[in-house]
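Engineer: Got a structure for you, written out below as structure tokens; questions coming shortly.
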Amino acid sequence: MLKDAYTADVTPERDGEEVRLAGWVHEVRDLGGIKFVLLRDRTGIVQLTLPKQKVPKETFEKVPKLTKESVIRVEGTVQANEKAPGGVEVIPQRIEVLSESDTHLPLDPTGKVDADLDTRLDARVLDLRREEPQAIFKIRNVVTTAIREFLEERGFIEVHTPKIIASATEGGTELFPVVYFERDAYLAQSPQLYKQMLMAAGFERVYEIGPIFRAEEHNTRRHLNEAISVDIEMSFIESEEDVMRVLEELLAHVFRKVREECEKELEALDRELPELETPFERITYEETLDLLSEHGIEVEWGEDLPTEAERKLGEIFEEPFFITEWPRETRPFYTMAKDDEVTTAFDLMYQGLELASGAQREHRYDVLVRQIEEQGLSPEDFRHYLEAFKYGMPPHGGWGLGLERTLMTITGAENIREVTLFPRDRKRLHP
Ligand code: AMO
């Protein structure tokens, strides 16, 4: 390796030790007889101090030529010094430039100069070098690790279902067509039909953390055209309550893990995470409409909640909560109905965002075929899916949780693009 320590390993206790560091030139300060370089790596920043008398001439003379954001390697001695940031500095013997940066930067990675989101996303690689995005993506990793840990402890196994599919799962309007040799195909809107088929295949508990593709026409702060969803499916449930419990416990676990493991990152984002109390509150769709009406927002029965209504609910409820018993007309064909009007479907809401949707599924073949027809779809298009219901399908249910929306609630990001490395939206196909 070109280095044997991170900047965070350079502490006053290591006074006198030799270190080999590497990273980016954050800043250069040239005071003539003494020069300073701030060296940044993924763990933070350390000051390199070069007094003319104490460092080799060749090293000293290199400093004025260093351009910001160049990648350098440094060999030097740790020196405890109360006046240096963090009480410690490194006196370099050798500085080697591994990659020189262009002097014209499209964005200032020190964050001193504000840039709007579009400019930042155009120069995303430089933008990601900043402290806040670094914190966001470290948290994102802790979140997915915590999810895996939680689900595997409960016997779920991770699966990967196809992302090129032949038919719509979540309604036909948001599909991205792809050219698949001589046939029509689409990018998967969700793993829905496959995770259900795996229940027929006897897996009983599966999860997937993978991409979903939605041809959303509109640019909003909470929609992407490519997002990551955390999906589970679970067999032998008594009702949707069984999968709702997994979801609320999972979210509480994730918040706990991030609080425990991401103290520094939360601080960088100026964020405090609450302890989530389970069980979360549950209110029915009908009660939700009444509540909204009391607050001056009228939603017609059978409609999805408009953004304005979701936002209002975020003001009314401080904690995450479930909206249950969604009307049949708002839900896809695979949802189990409770009666002629309402279904077993639920949404998990938090901070004015819909974080997850789920339900118990219809596992009875005849009823399922009827529901497909009632939605104006053709059972023939779902032949392979329907086959799975003919030879023994257990009662089952599950949900899909939006990873980016969950991260918005954790990091406080106002825009979903902030928590996505290279977002895909209506206008953005690169970088
Ligand atoms: P749904 O369509 O509600 O349900 O999607 C599940 C969750 O995925 C997230 N999500 C999105 N996030 C960002 N941008 C988008 N365009 C986007 N679309 C969805 C949301 C949403 O709550 N098959 C069902 C799930 C199930 O019943 O198991 C489904 O896909 O957080």
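The values are calculated or read from the model by the stated rules, or taken from the named source; none is laboratory data. These numbers were taken from a predicted model, which means no experiment stands behind them. With ideal geometry, Cβ positions are generated from the backbone for all residues, glycine too; neighbour counts draw on all protein chains shown.
Engineer: Looking at (1) under 17 Å from the mean Cα position of the chain (by Cα); (2) in contact (Cβ under 8 Å) with a residue 24 or more places away in the chain, which is the one condition that is false for residue 259?
Structural biologist: Looking at each condition in turn, residue 259 falls short on (2).
Engineer: Then there's this: Among (1) surrounded by fewer than 18 Cβ atoms within 10 Å (Cβ to Cβ); (2) touching a residue at least 24 places away in the same chain (Cβ under 8 Å); (3) over 20 Å from residue 331 (Cβ atoms), where does residue 267 come up short?
Structural biologist: (2)
Yes/no matrix, rows are residues, columns are (1) of a type in the set (A, V, I, L, M); (2) modelled with pLDDT of 95 or more:
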site	(1), (2)
322	no, yes
339	no, yes
343	no, yes
350	no, yes
355	yes, yes
358	no, yes
381	no, no
407	yes, yes
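Engineer: In this structure, does residue 354 turn out to be surrounded by fewer than 22 Cβ atoms within 10 Å (Cβ to Cβ), within 11 Å of the ligand (Cβ to nearest atom) and of a type in the set (Asp, Glu)?
Structural biologist: Numbers: surrounded by fewer than 22 Cβ atoms within 10 Å (Cβ to Cβ): yes; within 11 Å of the ligand (Cβ to nearest atom): yes; of a type in the set (Asp, Glu): yes.
The answer is yes for residue 354.
Engineer: Name the single residue, out of those in region 193-228 being among the polar types (S, T, N, Q) and surrounded by fewer than 22 Cβ atoms within 10 Å (Cβ to Cβ), that is nearest to the ligand (Cβ to nearest atom). Let's see the steps before the verdict.
Structural biologist: Restricting attention to region 193-228, the residues satisfying the condition of being among the polar types (S, T, N, Q) are 196, 219-220, 225.
The next check asks that each one be surrounded by fewer than 22 Cβ atoms within 10 Å (Cβ to Cβ); those that pass are 219-220, 225.
Working: 219: 11, 220: 9, 225: 7 Å.
That would be 225.
Engineer: Among residues belonging to region 150-189 that are within 16 Å of residue 232 (Cα to Cα) and part of a helix (DSSP H, G or I), point out the one that is farthest from the chain's Cα centre (by Cα).
Structural biologist: Going through the qualifying residues, I end up with 153.
Engineer: Looking only at region 325-348, decide whether some residue is within 10 Å of the ligand (Cβ to nearest atom) and in contact with a Leu (Cβ under 6 Å, 6 or more places away or on another chain).
Structural biologist: So in region 325-348, the residues within 10 Å of the ligand (Cβ to nearest atom) come out as 331-332, 334-335, 345-348.
Right, trim to in contact with a Leu (Cβ under 6 Å, 6 or more places away or on another chain) and you get 348.
Taking every residue of region 325-348 in turn, at least one turns out to be within 10 Å of the ligand (Cβ to nearest atom) and in contact with a Leu (Cβ under 6 Å, 6 or more places away or on another chain).
Engineer: May I pose another question? Regarding region 361-379, can at least one residue be identified that is crowded, with 20+ Cβ neighbours inside 10 Å, within 13 Å of the ligand (Cβ to nearest atom) and assigned by the TED database to the domain that holds residue 285?
Structural biologist: yes
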